[in-house]
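The values are calculated or read from the model by the stated rules, or taken from the named source; none is laboratory data. Source: prediction; values computed, not measured. We place every Cβ from the backbone using ideal geometry, glycine too, and count neighbours over all the protein chains shown.
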Amino acid sequence: MSVSEVETPGGGLRILFFARVAEGGEADFLAAYERIRHKVAQAPGHVLDQLCQSPVDPREWLITSEWETPAHYQTWANGHRFSELSDPIVETTVSREHRPYLVRRSTT
């Protein structure tokens, strides 16, 4: 296996979306994620997304999405379908936090 580090001063954007799912709402949360993830993946500039669950508290989830540029994400987020796609996730959660980060370095 090779390891490489890439400095990406004009790199992509990583979105971290932390969510606490309502008591007993894990199935609804997963169903909502399944309904929207392929639609989001079709957006221009979308690179990947991941769904992660806390091993400590199964009601705590993290959705990460990576975008080629901040402009790609902003175009998608400002689009008329953003609410349509995000509302099903929001409806299944009791708390949420959205944090954008610029990708500065990557190691593979």
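Can you name the residue in region 47-62 that is among the aliphatic types (A, V, I, L, M) and surrounded by 13 or more Cβ atoms within 10 Å (Cβ to Cβ) and, of all such residues, is farthest from residue 24 (Cα to Cα)?
Quick first cut of region 47-62, residues among the aliphatic types (A, V, I, L, M) only: 47-48, 51, 56, 62.
Still in the running and surrounded by 13 or more Cβ atoms within 10 Å (Cβ to Cβ): 47, 51, 62.
Values: 47: 31, 51: 18, 62: 17 Å.
Across region 47-62, the extreme among qualifying residues is 47.
Kindly indicate whether residue 85 is under 17 Å from residue 27 (Cα atoms) and of a type in the set (A, V, I, L, M, F, W, C). It would help to see each step written out before you state the result.
Details: under 17 Å from residue 27 (Cα atoms): no; of a type in the set (A, V, I, L, M, F, W, C): yes.
Against the criterion (under 17 Å from residue 27 (Cα atoms) and of a type in the set (A, V, I, L, M, F, W, C)), residue 85 does not qualify.
Working only within region 53-74, note down all residues that are hydrophobic (A, V, I, L, M, F, W, C) and under 14 Å from residue 97 (Cβ atoms).
At the first step, the residues of region 53-74 found to be hydrophobic (A, V, I, L, M, F, W, C) are 56, 61-63, 67, 71.
Correct list: 61, 62, 63.
Does region 80-89 contain any residue that is loosely packed, with under 14 Cβ neighbours inside 10 Å, among the basic types (Lys, Arg) and closer than 14 Å to residue 36 by Cβ?
The answer is yes; a qualifying residue exists.
Failed condition for residue 74, given (1) of a type outside the set (D, E, K, R); (2) outside any strand (DSSP E or B); (3) under 15 Å from the mean Cα position of the chain (by Cα); (4) within 20 Å of residue 30 (Cβ to Cβ), with all others met?
Of the numbered conditions (1) of a type outside the set (D, E, K, R); (2) outside any strand (DSSP E or B); (3) under 15 Å from the mean Cα position of the chain (by Cα); (4) within 20 Å of residue 30 (Cβ to Cβ), the odd one out for residue 74 is (4).
Test residue 19 against the criterion of being surrounded by 15 or more Cβ atoms within 10 Å (Cβ to Cβ) and assigned to a loop (DSSP other than H, G, I, E, B), and give yes or no.
Working: surrounded by 15 or more Cβ atoms within 10 Å (Cβ to Cβ): yes; assigned to a loop (DSSP other than H, G, I, E, B): no.
Considered against the rule, which asks whether it is surrounded by 15 or more Cβ atoms within 10 Å (Cβ to Cβ) and assigned to a loop (DSSP other than H, G, I, E, B), residue 19 comes out as no.
Take the conditions among the small types (Gly, Ala, Ser), at pLDDT 95 or above, surrounded by 12 or more Cβ atoms within 10 Å (Cβ to Cβ) and under 15 Å from residue 17 (Cβ atoms) and apply them to residue 65. Does it pass?
Values: among the small types (Gly, Ala, Ser): yes; at pLDDT 95 or above: yes; surrounded by 12 or more Cβ atoms within 10 Å (Cβ to Cβ): yes; under 15 Å from residue 17 (Cβ atoms): yes.
Yes.
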